[in-house]
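Engineer: Take this structure first; my questions come after.
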Amino acid sequence: MTNWQEHISINPQTCHGKPHITGTQVMVSVILDNIAEGLTFEEIVKDYPPLTLQDVQAAVAYAAQLTRKQELQISNQAEIESTFMTLAQQWREENRGVSSTNQMSMHPAYQQIIGMGETVIPLLLRELEKKSGRWFWALKSIARVDPVPSQYRGNTKEMTRAWLEWGRQRGYQW
């Protein structure tokens, strides 16, 4: 099996930070798209002269590893959602009557949700859309970005709209 790490790089200055064949501007997704269209490895190497057969094999190996990771995430999704819902319910119940955002955000259940990482972003967006703007801090902590324009800070409706748009643009489904 090809060791894809020897052939694939991710660099913010190259290919917009997308995985690409080291030393080229050829993204892994381009190679995979060509394979999906029915091109052989040899045809891809011919169409993209900087590539070798090992580069194409590395792209497939990289995709295979991502698929295994995704399968693992899918198999755990029900458990993740159950844990999230339990923690969210505990957080809501134990914060009834609390108005301090800082106090609510430091609650152990809220912090555990943040600790669950990126896998809960769709769940947070769903909660945000249905119930409450109290998930902004968690989203900012996990995503490490704040898509809310400064003029809308403090405006729950606009902050919600900005986060939901951010999620849609990144392909999150909830």
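Engineer: Using the Kyte-Doolittle scale, which helices in the chain average at least 0.0 and also have C-alpha atoms spread 24 Å or more along the helix axis, with helices defined as whole DSSP H runs?
Structural biologist: Length and hydropathy pass: none found.
Engineer: State in Å² the accessible area per residue of the chain; use a 1.4 Å probe, count heavy atoms of protein chains only, and round to the nearest integer.
Structural biologist: Ligands and nucleic acids excluded, the result is 61 Å² per residue.
Engineer: Relative contact order for the range 75-174: what is it in percent, counting Cα pairs under 8 Å that are at least 6 residues apart?
Structural biologist: 25
Engineer: Also, quick follow-up: Rounded to whole Å and sorted largest first, what semi-axes of the equivalent ellipsoid does the C-alpha gyration tensor of the range 94-174 yield via the square root of 5 times each eigenvalue?
Structural biologist: 19, 16, 11
Engineer: How big is the charge dipole of the range 1-108 about its Cα centre, in debye rounded to the nearest 20, if each Lys and Arg gets +1 on its Cβ and each Asp and Glu gets -1 on its Cβ?
Structural biologist: 380
Engineer: Please compute P(r) over all alpha-carbon pairs of the range 22-109, binned at 5 Å starting from zero, and give each bin as a whole-number percent.
Structural biologist: In whole percents, the pair-distance histogram is 3, 12, 16, 11, 8, 7, 7, 7, 8, 8, 8, 4, 2, 0.
Engineer: Let me check the size of the chain from its C-alpha atoms; what are the radius of gyration and Dmax in Å?
Structural biologist: 21.0, 67
Engineer: Continuing with this model, one more query. Work out the charge dipole of the range 67-171 with +1 on the Cβ of Lys and Arg and -1 on the Cβ of Asp and Glu about the Cα centre, then indicate which of N76, Y110, T156 is farthest towards its positive end.
Structural biologist: In the range 67-171, that residue is T156.
Engineer: Here is a follow-up. Please report the equivalent ellipsoid semi-axes of the range 5-47, computed as sqrt(5 x eigenvalue) of the Cα gyration tensor, largest first, in whole Å.
Structural biologist: Numbers: eigenvalues 82, 21, 13 Å².
Equivalent ellipsoid of the range 5-47: 20, 10, 8 Å, largest first.
Engineer: Next question, about the same structure. What's the lysine pair count for the chain at a Cα cut-off below 30 Å, pairs eight or more apart or interchain?
Structural biologist: 10
Engineer: For the chain, which whole-number percentage of the solvent-accessible area (1.4 Å probe, protein heavy atoms only) is attributable to carbon and sulfur atoms? Kindly include the intermediate steps, with their values, before the conclusion.
Structural biologist: Numbers: 5350 of 10690 Å².
C and S atoms contribute 50 percent here.
The values are calculated or read from the model by the stated rules, or taken from the named source; none is laboratory data. If you're wondering where the values come from, they're calculated on a predicted model, not measured in any experiment. A quick note on method: Cβ atoms are made from the backbone with ideal geometry, for glycine too, and the neighbour counts reach across all protein chains shown. What goes into the accessible areas is simple: the full protein's heavy atoms, side chains included, and nothing from ligands, DNA or RNA. Shrake-Rupley method; radii C 1.70, N 1.55, O 1.52, S 1.80 Å.
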